Amino acid sequence: MKKFFAGLALATTALLFTACNEQQKEQGDVSLDKVKKAGVFVLGLDDSFPPMGFRDKDNNIVGFDIDLAKEVTARLGVQLKTQPISWDAKEQELNTGKIDCIWNGLSVDPARAAAMNLSNPYLKNRMIFVVKDSSLAKLASLAGKKIAVQNGSTAQKLLDESDAGKAAKEIVPFDDNQTALMDLDKGGVEAVFLDEIVANYWIASNNKPYIVLEEGLSEEVYAIGFRKNDQQLRAAVDSVLAAMQADGKFAEISAKWFGK
């Protein structure tokens, strides 16, 4: 598996954070105080998005993002609560206050940057095609084929607007990537367009001889989505993640899930 750990700068100095914290309090932002008072940080996720956040054989929600969030909340002195949501309605779940953030392989794009208060990027990713038939190993060969994609994802928007998407026989939306990949397995679709991190983990975990096309459509980064006005909470999470980068905890969690 490629080394997906981004090594992206998350540096936020304690002095700057303190200054921002005080300024935000003066402006009426109590997002961090609200979480600390409740003692709970509610993380919204698609619970079928391995290895970022998913259910294990015992039905526990686990994953790379979950381990990061557990460490962040422990350092903030609050409990983590994972809240499965419909990925297609994630912004509504966030803005109605049902969750404190969206943290589950959330790809950054202009629309999300406009709709949410995004954290510093913490992981690199690439959008790719997975096929079962070796005769479809070139992007051009997908013309006239059925391509699956997760509904409400940046992959869906990217595919819809791409030449590959326009040349497809049909773009088939699924609620989650795992269901899309299972439909590929059954022959319902000829390809799935999804996150490379998710595809590689699923292929390895299920021992599938699938092919990842060398021709992808986009490189991207993951971030955490907060409500627009929740500057204090976002800054606190960014600060803790920066500290985890510095002390090696981030790398330890990355090695557990990606081997690097």
| Separation of alpha-carbon centers, region 59-83 and region 144-200, rounded to whole Å | 29 Å
| field | ³J(HN,Hα), Karplus 6.51/-1.76/1.60, whole Hz, each residue of region 236-251, x for Gly, Pro | value | 5, 5, 4, 5, 5, 4, 4, 5, 5, 5, 6, 9, x, 5, 4, 5
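So for region 126-219: antiparallel DSSP bridges make up what percent, rounded to the nearest 5? List each step's numbers first, then the result.
Numbers: 9 of 17 bridges.
The answer is about 55 percent antiparallel.
I'd like the FRET efficiency for A204 and A111, computed as 1/(1 + (r/R0)^6) with the beta carbon distance as r and R0 of 30 Å, rounded to 0.05. Intermediate values should be presented prior to the final figure.
On the way: r = 31 Å, r/R0 = 1.05.
Efficiency, rounded to the nearest 0.05: 0.45.
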| field | Ratio Rg/Rh [Cα only; Rh per Kirkwood] for the chain | value | 0.99
| Where Lys and Arg each count +1 and Asp and Glu each count -1, what net charge lies around D100 among other residues with Cβ under 12 Å from its Cβ? | +4
| remark: If each K or R counts +1 and each D or E counts -1, the residues other than D47 whose Cβ falls under 12 Å of its Cβ total -4
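Using only the Cα atoms, work out Rg/Rh for region 126-219, with Rh taken as the Kirkwood radius, to two decimals. Each step should come with its number before you reach the end.
Details: Rg = 11.5 Å, Rh = 12.7 Å.
Here the Rg-to-Rh quotient is 0.91.
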| task | Could you sort 48-54, 174-180, 205-211, 86-92 so that the peptide with the highest average Cβ count within 10 Å comes first and the rest follow in order? | result | 48-54, 174-180, 86-92, 205-211
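Coordinate-derived values only; no laboratory data. Quick caveat: nothing in here was measured; it's all calculated off a predicted structure. Note: ideal-geometry Cβ built from the backbone for every residue, glycine included; neighbour counts use all protein chains shown.
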